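What follows is a single structure, written as structure tokens, with notes after it.
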Amino acid sequence: MYPKRILTLFLIALGIAGASLTTRADQPIKSTVVDPALKSVIKGKIVEKDSKSPMEYANISIYNAKDSSLVTGGITNPNGEFTIGKLDNGTYYVEANFIGFNKTRVNNIQISSNHSSIDLGTIPLEASHQQLGGVEVVAERPRVEYKVDKKVINVEQDINAAGGTAVDVLENTPSVQVDIEGNVTLRGSSSFTVFIDGRPSALSGSDALQQIPASALQNIEIITNPSAKYDPDGMAGIINLVTKKNALTGFDGIVNVSGSTNESRSLDFTVNHKNAKRQITFGFDTNNRKFTGTNESTRETYYNDSTVYLDSNGDRDFNRHGYRFKGGLDLYLTDKTTLGFTASVGTHNRDNNSSVNNYYHTVINNPAGLTEKYTHESEDSKSKNDFVDASINFLHKYNEDATHKLEGMIYFRNRTGHDIEYQSEIITDENFVTGDIYDLRVRTTEGEDSQDYRAKLDYTRPLGETGKLEAGFQSRMRRETEDYIFEDYDTDSQSWINNPDYTSSMDFKRDIHAIYSTYSNKIDKVELMAGLRGEYTNREIKHTASAETYKINRFDWFPSVHASYDLLANTQLMASYSRRINRPRGWDLDPFETFMNQTTIRKGSPDLKPEYTNSYDMSLMQRFGTSFVSLDGFYRETSDVISRITEVRDDGMYVLTSANVSQDKSTGAELMLNLNLTKWLLLNSSVSVYNYKLQGEVLGKYIDKSSTNTDGRVNATLKFSSSSRMQLMGMYRGPSVSAQGDRKGSFYSNISYRHELMNRKLTATLSVQDIFGSGGWKGTNSGSNFSSTFKFKHEPRVVQLTLSFKLNNYKTDKKGGDEDTNEMEYEGGTF
């Protein structure tokens, strides 16, 4: 039944696309007569001169030629196109402009009853270059750019992230929060999807972001309300990492190396060669990032007429390290057809070590009594994950500007993981001097082998002058096997003995097939895009501890709507809606008990349902000169919320599990300022305030909890010269609540200085992280028969030096033109 629905919807989408083949000719209209009620219109397209790529949000201003008074204006759409109507007969001139580019003017535009629709054709904008005393000053893009459906973070403008990873960039990004361990949340949710150049990453979530060096990134796209074209996974949205690519013909490359006082280090390089027929890319990156800190915790457990207290404190060290080789080949088969191949292979590893002193004391009420125990606990774990992925990409453009195109992709990824952890707890005296008696000594080994397959076909076609249809089909399939082995150490035989109570194996299979279609159009100042996506999911779980096979066959619909309205020439109102899903992860579904320590076990539930989220966004943006102010309002409602639950059994053992606890709601606003206050000072700041409300049932008890969360960040860039600047960043993350606890607020700040040498071929960046030593986190958890507190603080004031060297990547001086102006002028209404 469900496959028939998919086939029917897909045929309908292709039928609409096929019918549209006769609705548009791809030749531009130069001059036509329109309905007099609409008056006259001026249209055209803005592209970047060097790359020929369309420029979204370029400013268009129309002036009266007689007195140079501003008549009207607008901005370009995602295809770089604009259409401005309701013009009286007369003579006009048009100015096209974008931050960091020379202004371009089109003069002598004659509008009459016989020429009421003027097509200016393609208008190229050139990046600004000025010579001041022999020093070249290159205009820059703003650090954050707003588009209809996403925020774009220009990585090169964040010098605090130099030598770091994508996580370091996101620390200073609106809508994103990063804790001291590098875990990322998007508007308070850790449920988001990570793409690399529009393709799924070899890892997921924060692990994927930790592995990509910031130096390899061109920009990061934050998509909080993706359209129906994108995967609906992740209730908070999508983080797409866009890597750097060679836009110039010939050979170029870049090498980056960094080191810090906490012995973290990284190295990466990328080289490219491009000509008229092909482009070849090869790169390598390796890193070893270390984190150290101290942690404290207390816990009280109430059971069997007794209260058990546990006080713990100690040190914790963890580091992430690995390497990756990557390569790509683009073949330009014709001027309009490209065939691409990409591949990467590498390893992602994590090491964790902790040394903790524990003080157990049990107060017995009847009969009255007290027992005490002192132990030293140590954990040593190593996780190794090898991966290889490859893809084939196809693009055919039916016209020059690629507004009519067909794209396809086939993707494969294999991941093999091996985790081993040693845990021991030794009896000590009250001064924590260890003896030779073990209270616990165990070893756990976990193996994972997974394969992911993905295929998609996307078709895009213009409809009429401003409309666009997109339709496509996508399939993704996952196969995964997990093995878990638990062993106790036998002191008599001095060997490891398998414990079948905590040894298990699980097979996981999931296929998702989807079709989608979106339609967009612009009517006067209003731009609309609506889409619908249908997905069929077939999931199967088998476990060695159960004869039952857990199956799911489900069909879901995911609508999306985006709208924008040009209030004034530099003011835009945007709104969007999408429905999303967050599917449970493997360990959330595993029904078998997994040992964590001698007081805690973990257990999943195969009956766990996915979360469904309805997400609404509205934003208002005002541009003035090279600055802008934006205000975002958002509302997110999630049903069947998956929460981490702690339960204490009658024997005092803690059980960590996941459960659906009804619903939560987030309502809030985010204010962002991007201000060029002077030629030497740029201020970028954002403040987010939202109310989080959680309602539902936890372990048979109704909960109704809420908190008002506040997040803020400020980033100030001081430009001392064209080749040197300093950047200061501060971030505050406010307190929040969860199903069984809360988390306190935290603040930290960084400072960086960057200097360019050797005609900008060599860049040196020096940074200090957490300059006030205020970074860390703490919070509480509680239930009907337990309560606990926790606190972690990391090593402050880590100093890092990063060097970046560009190979054959310089620009020659621009010759000619008017030295007193950056404007380029054209006569007449066509080119």
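Here is how the numbers come out for the structure above:
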read-out	value
Residue tally, condition open to solvent by less than 10 Å² (accessible area, probe 1.4 Å), under 20 Å from LYS468 (Cα atoms) and modelled with pLDDT of 80 or more, over segment 56-83	3
Qualifying strands (runs of 3 or more DSSP E) (wholly inside segment 42-101; at least 3 residues being of a type in the set (A, V, I, L, M, F, W, C))	70-75, 81-87
PHE747 surrounded by fewer than 16 Cβ atoms within 10 Å (Cβ to Cβ), touching a Ser or Thr at 6+ places or on another chain (Cβ under 9 Å) and not acidic (Asp, Glu)	yes
1 or more residues farther than 30 Å from THR599 by Cα and either of a type in the set (Phe, Trp, Tyr) or in contact with a Phe, Trp or Tyr (Cβ under 6 Å, 6 or more places away or on another chain) (or both): qualifying strands (runs of 3 or more DSSP E) within segment 610-677	611-624, 627-639, 663-676
Scope segment 390-435; condition within 30 Å of THR371 (Cβ to Cβ) and surrounded by fewer than 18 Cβ atoms within 10 Å (Cβ to Cβ); matching residues	GLU421, TYR422, SER424, ILE427, ASP429, GLU430, ASN431, PHE432, VAL433, THR434, GLY435
Filter result for LYS245 (assigned to a loop (DSSP other than H, G, I, E, B) and modelled with pLDDT of 75 or more)	no
Answer residue from segment 515-574, given it is open to solvent by 50 Å² or more (accessible area, probe 1.4 Å) and within 26 Å of the chain's Cα centre (by Cα) and is farthest from PRO591 (Cα to Cα) among those	LEU573
Residue in segment 382-397 that is more than 30 Å from GLN474 (Cβ to Cβ) and touching a residue at least 40 places away in the same chain (Cβ under 8 Å) present	no
Selection count, segment 468-514, where residues are of a type in the set (Asp, Glu) and open to solvent by 40 Å² or more (accessible area, probe 1.4 Å)	6
Residue satisfying all of: in segment 708-733; farther than 19 Å from SER767 by Cα and open to solvent by less than 20 Å² (accessible area, probe 1.4 Å); farthest from the chain's Cα centre (by Cα) among these	ASN709
Subset of segment 678-715 that is assigned to a strand (DSSP E or B) and small (Gly, Ala, Ser) - its residue that is farthest from TYR635 (Cα to Cα)	SER685
Condition broken by SER51, with the remaining ones in (1) of a type in the set (Gly, Ala, Ser); (2) at pLDDT 80 or above; (3) open to solvent by 10 Å² or more (accessible area, probe 1.4 Å) satisfied	(2)
Residue satisfying all of: in segment 575-602; farther than 24 Å from SER615 by Cα and open to solvent by 50 Å² or more (accessible area, probe 1.4 Å); modelled with the highest pLDDT among these	ARG602
Residue under evaluation GLY773, criteria (1) open to solvent by 50 Å² or more (accessible area, probe 1.4 Å); (2) under 18 Å from SER260 (Cβ atoms); (3) not in a strand (DSSP E or B), criterion not met	(1)
Those residues of segment 737-762 which are assigned to a strand (DSSP E or B) and farther than 30 Å from GLU697 by Cα, in sequence order	PHE747, TYR748, SER749, ASN750, ILE751, SER752, TYR753, ARG754, HIS755, GLU756, LEU757, LEU762
Selection count where residues are part of a loop (DSSP other than H, G, I, E, B) and farther than 17 Å from ASP556 by Cα, scope segment 221-240	4
Residue within segment 785-804 that is within 20 Å of ASN262 (Cα to Cα), open to solvent by 40 Å² or more (accessible area, probe 1.4 Å) and among the hydroxyl-bearing types (Ser, Thr, Tyr) present	no
Hits in segment 401-443 - residues which are under 30 Å from ASN499 (Cα atoms) and aromatic (Phe, Trp, Tyr)	TYR422, PHE432, TYR438
Filter result for GLU470 (within 21 Å of LYS603 (Cα to Cα), within 26 Å of the chain's Cα centre (by Cα) and of a type outside the set (S, T, N, Q))	no
Count - residues of segment 249-261 that are buried (at least 18 other Cβ atoms within 10 Å of the Cβ) and modelled with pLDDT under 90	4
Qualifying strands (runs of 3 or more DSSP E) (wholly inside segment 492-567; at least 1 residues being under 29 Å from ASP458 (Cα atoms) and of a type in the set (Gly, Ala, Ser))	504-523, 526-543
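The values are calculated or read from the model by the stated rules, or taken from the named source; none is laboratory data. This is a predicted model, so every value here is computed, not measured. Positions of Cβ are backbone-derived with ideal geometry, glycine not excepted, and every protein chain shown enters the neighbour counts. Surface accessibility is based on the protein's heavy atoms, side chains included, excluding ligands, DNA and RNA. Shrake-Rupley method; radii C 1.70, N 1.55, O 1.52, S 1.80 Å.
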